[in-house]
Amino acid sequence: MLCYLLSRLISLVLSLAVASLVIFAMLEIIPGDPAAVMLGLNAEPEAVAALRTELGLDLPLAQRYAAWVGGMLQGDFGTSYTYRVPVADLISARLGVSLPLTLYAIFLSTALAIPLGVWAASRHGRPADLAIMGVTQLGIAVPNFWFAMILVLIFAIRLGWFASGGFPGWDAGLFAGLKALTLPALALALLQASILARVMRSSLLETLHRDYIRTARAKGLSRSRAILHHAFRNALIPVMTILGMQVSVLIAGAIVVENVFFLPGLGRLIFQAVTQRDLIVVEAVVMLLVFAVVVVNFLVDLAYAVVDPRLRRRA
Amino acid sequence: MRVPAGFLIGAALSALFLLMAMVSFIWTPHDVTVLAVAERMKVPGDGYLLGTDHLGRDILSMLMVGARTSIGVALVAAGIGLAVGVPLGLFAAARRGGWVDEIIMRGNDLVFAFPPLVMAILIAAVFGPSALNAMLAIGVFNIPVFARVARAGAISLWTLDFIMAARVAGKGAARISAEHIFPNIGNLLIVQATIQFSVGIVSEAALSYFGLGAQPPVPSWGRMLADSQTMIGLAPHMALIPGLAIVLMVLGLNLMGDGLRDMLDPRMRRTA
C-alpha cells in the first residue's frame with residue numbers, strides 16, 4: 001500500500017510540474033505586453049519600462065518561472081495587474097462562491113441521481129424505468145448554459161421565485177446565499193445527475209444478477225431488502241468513479257454557469273482576466289483548477305485502492 | 001441483425017440537421033446578412049416559420065447556416081482527435097509497458113487534467129477567438145480520448161493468434177498496427193467518433209456563446225443563444241429555438257452512438 005501511495009504521489013507531483021510549465025509557456029506566447037495594456041494607449045515608454053521592472057517582466061524566463069512556482073508553494077500567487085490586490089486574496093474571495101456552488105451541484109445531482117437510478121433498476125423494463133432512461137438521455141443532451149437560461153425564464157422571469165442572477169454575498173445570510181446559488185446549481189447538476197442515474201441503474205442491474213444476491217433472495221430476503229442491504233453498496237463503486245471523473249466537467253461547467261448568472265466566482269474571474277490580459281490571474285486560476293482535478297483524481301485512485309486490494313499490486 | 005429503434009431516430013435527427021446545413025449553401029428562406037429592424041422579434045408563424053431575432057433576421061435561416069458552423073467545427077475537431085490520437089494509441093499499444101507507452105499515457109492524463117473549456121479559453125486568449133481556434137481547442141481535447149480507445153482496443157488484439165502469425169511472417173510492429181490492428185478497432189473508433197462529434201457540437205455552442213467561436217456576422221447556434229439572453233423575457237422564442245436545435249442534434253448523435261455500439265459490440269447488448 002505504501003509503495004502504491006508513493007508511486008501515485010510521484011505521478012501527482014510530476015503532473016502538476018508539467019502542467020505548470022505548459023500554463024506558463026502558453027501565457028508567455030500571448031501577444032501584448034501586460035504593462036502596456038495596464039497603462040493604456042498613450043503611456044510614455046519610460047513609464048511602461050518602469051512598470052515592467054516593477055512587475056518583474058524584464059527578468060529572464062527561467063527566473064520568472066521559478067519565482068512563480070516558488071511563490072505559489074508559499075501561497076503567494078503574485079499581484080493582479082488590474083485589481084492591484086494579491087491574487088491569493090482575489091481567488092479566496094471568489095472560491096467563496098465557486099466552491100459552495102460546485103458542492104451544492106454535487107449534492108443535488110447525487111441526491112437526485114441515486115434514488116432515481118435505484119428506482120429505475122428495481123423497475124427494470126417497466127414504464128418508470130423507461131421514463132427515467134428517456135429523461136436522463138435528454139438531460140445529457142441539454143447544454144448547461146441553455147438549461148440555465150430556461151431556468152431563469154421560468155423561475156425568475158415568469159414565476160419570480162428567484163433572482164435572475166447575481167450573488168448577495170454570504171453576509172446576507174446563509175439562506176439568501178443558498179437561494180442565489182439554487183438555480184445555478186440546478187443548471188450544473190442536470191448533466192451530472194443524468195449520467196450518475198444511468199450509471200447507478202446499470203451498475204445495480206449488473207450486481208443484481210450476481211450469485212450472492214440469488215443466495216440472499218433464496219434465504220428469504222425480500223427483493224427490496226436484497227437491493228438495499230446487499231446490492232446497493234457494491235453497485236456504488238462505479239458511481240463513485242464517475243463522480244470523481246466528473247469533477248473536471250463540473251469545474252468547466254461552473255465557469256459557464258457563473259457567467260450566465262453573473263456570479264462573482266472563479267469562472268467570471270478567469271473570463272475578466274483573459275479579456276483584461278491580467279495574465280498572472282489567468283495563470284493562477286488555471287493552475288488552481290488543474291490542481292483541483294489532479295488532486296481529486298489522486299483521491300479517487302486512493303479510495304479505489306482501499307476498496308479493491310488488487311489495484312495496490314498493479315502499481 | 002436487429003437495428004435498434006434509438007439508432008433510427010438518432011440517424012434521422014442527425015440526417016435532418018446535416019441536410020439543413022447542406023441546403024443552406026444553395027438556399028435559405030431569407031438572407032441572414034440582411035438586417036430588417038422593422039421585422040424584429042416576430043414570433044414564429046407570420047411570414048417567418050420560426051420567427052425573427054432582435055435584428056429582424058430569420059431564425060430558421062440562421063439555424064441552417066449555424067448548423068454549418070456547428071457541424072464543421074465538430075467534424076474537424078473529431079478529425080484532429082482521430083488523426084493524432086489513433087496513431088499515438090496504436091504506437092503506445094505496440095510498445096505496451098515500455099517508457100514510450102508510459103509517456104504517451106501520462107501525457108494523456110495531463111490533457112485530461114485541463115477542463116476542456118479552460119483549454120479553449122487559453123487557446124482563444126493566445127491566438128484570438130475564431131472558429132478555427134474553437135476547432136483546435138476541442139480537437140486537442142479529443143486527442144487523448146481517441147488515444148485511450150485505440151490503445152485499449154489494440155492491446156487486447158496484440159495477444160491474439162492472428163497477430164502472432166503476422167509477426168512470425170516477419171511483419172514489423174508498424175505494419176501490423178496499420179494492416180491488422182487498425183481495421184479491427186474500426187468499430188470502436190466509429191462509436192467514439194459519434195460521441196466526440198456530439199461533444200463537439202455542445203462545446204462549439206458553449207464557445208461561441210462566450211464569443212470564443214465563430215465571429216459575427218457568421219451565424220452560430222451558441223451566439224444566437226447569447227444574443228437572446230438579455231431579451232429572454234420579451235422574445236423567449238429567440239432562446240428556445242436554437243437551444244432546442246442543439247438538444248435535438250446532440251440527442252440524435254447520442255442515440256446514434258448508443259445504437260451503433262449495441263449493433264457493433266454484442267457484449268454491450270445485455271447491459272444496455
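In table form, for the structure just shown:
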read-out: Rounded to 10°, Cα long-axis angle of helix B:236-264 versus longest principal axis of chain B; value: 20 degrees
read-out: Rg and Dmax [Cα atoms of the protein assembly as shown; Å; Rg one decimal, Dmax integer]; value: 25.5, 87
read-out: Shielding of A:136-142 by partner chains, average beta-carbon count, 10 Å; value: 5
read-out: Computed over chain B: relative contact order in percent, which uses C-alpha pairs under 8 Å that are six or more apart; value: 27 percent
read-out: Inter-label distance for B:Ala169 and A:Met133, nm, one decimal - labels placed 7 Å from Cα along Cα-to-Cβ; value: 4.2 nm
read-out: Most fluctuating residue given options B:Gly213, B:Gly200, B:Gly56, as computed from a GNM of chain B linking Cα atoms under 10 Å; value: B:Gly56
read-out: Other protein chain Cβ atoms within 10 Å, averaged over every residue that makes up B:120-129; value: 5
read-out: With DNA, RNA and ligands ignored, accessible area of B:Ile103 (1.4 Å probe; Å², nearest 10); value: 110 Å²
read-out: Calculated from backbone phi, Karplus (6.51, -1.76, 1.60) coupling profile of region B:185-197 in Hz, x at Gly/Pro; value: 9, x, 4, 4, 5, 4, 4, 5, 5, 4, 5, 5, 4
read-out: Shielding by partners, peptide B:104-116 (average Cβ within 10 angstrom, other chains); value: 5
read-out: Sequence-separation-based contact order of region A:194-315, relative, with Cα cut under 8 Å and 6+ spacing, percent; value: 20 percent
read-out: Accessible area buried, both sides summed, chains B and A with 1.4 Å probe, Å²; value: 3500 Å²
read-out: Chymotrypsin sites (Phe, Trp or Tyr not before Pro) restricted to DSSP loop in region B:15-110 with at most 11 other C-beta within 10 Å; value: B:Trp27
read-out: Virtual spin-label span in nm between B:Val37 and A:Lys219, 7 Å along Cα→Cβ; value: 7.8 nm
read-out: Chain A: C-alpha gyration tensor shape, a/c 1.5 cut-off, then a/b vs b/c; value: oblate
read-out: At q = 0.34 Å⁻¹, base-10 log of I(q)/I(0) for region A:150-191 (Debye sum, equal scatterers on each alpha carbon); value: -1.13
read-out: FRET efficiency estimate (nearest 0.05) - Cβ-Cβ, A:Arg126 to A:Tyr4, R0 35 angstrom; value: 0.20
read-out: Cβ-Cβ FRET estimate between A:Glu206 and A:Ala111, R0 fixed at 25 Å, reported to 0.05; value: 0.60
read-out: Amide H contacts of B:Gly213 (H built 1.01 Å from N, under 5 Å, at least 5 apart or other chain); value: B:Ser208
read-out: 3J(HN,Hα) from dihedral phi, region A:50-63, Karplus parametrisation 6.51/-1.76/1.60, rounded to Hz, x for glycine, proline; value: 5, 5, 4, 5, 4, 7, x, 6, 8, 6, x, 3, 4, 5
read-out: Accessible carbon and sulfur surface of region A:70-216 relative to its total accessible area, %, 1.4 Å; value: 67 percent
read-out: Note, ³J(HN,Hα) from phi for region B:212-223, Karplus 6.51, -1.76, 1.60, rounded to Hz, x at Gly and Pro; value: 9, x, 4, 8, x, x, 5, x, 9, 4, x, 6
read-out: Selected from A:Asp58, A:Asp76, A:Asp278 as most flexible by GNM, with chain A as the system and alpha-carbon contacts under 10 Å; value: A:Asp58
read-out: For the protein assembly as shown, calculated [θ]222 nm from helices alone, where every DSSP H run of n ≥ 4 adds -39500 (n - 2.57); value: -24000 deg cm²/dmol
read-out: Label-point separation in nm, A:Phe262 to B:Asn187, each point 7 Å along Cα→Cβ; value: 5.4 nm
read-out: Sequence-distant residues sharing a close amide H with A:Thr79 (under 5 Å, placed H); value: A:Val87
read-out: Highest-MSF residue in chain A out of A:Gln192, A:Gln246, A:Gln276 [GNM, Cα springs under 10 Å]; value: A:Gln276
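The values are calculated or read from the model by the stated rules, or taken from the named source; none is laboratory data. Keep in mind that this is a model prediction, so the values were computed, not measured. Don't worry about glycine lacking a Cβ; one is built from the backbone with ideal geometry, like all the others, and counts go over all protein chains shown. Side chains included, ligands, DNA and RNA excluded: accessible areas come from the protein's heavy atoms. Shrake-Rupley method; radii C 1.70, N 1.55, O 1.52, S 1.80 Å.
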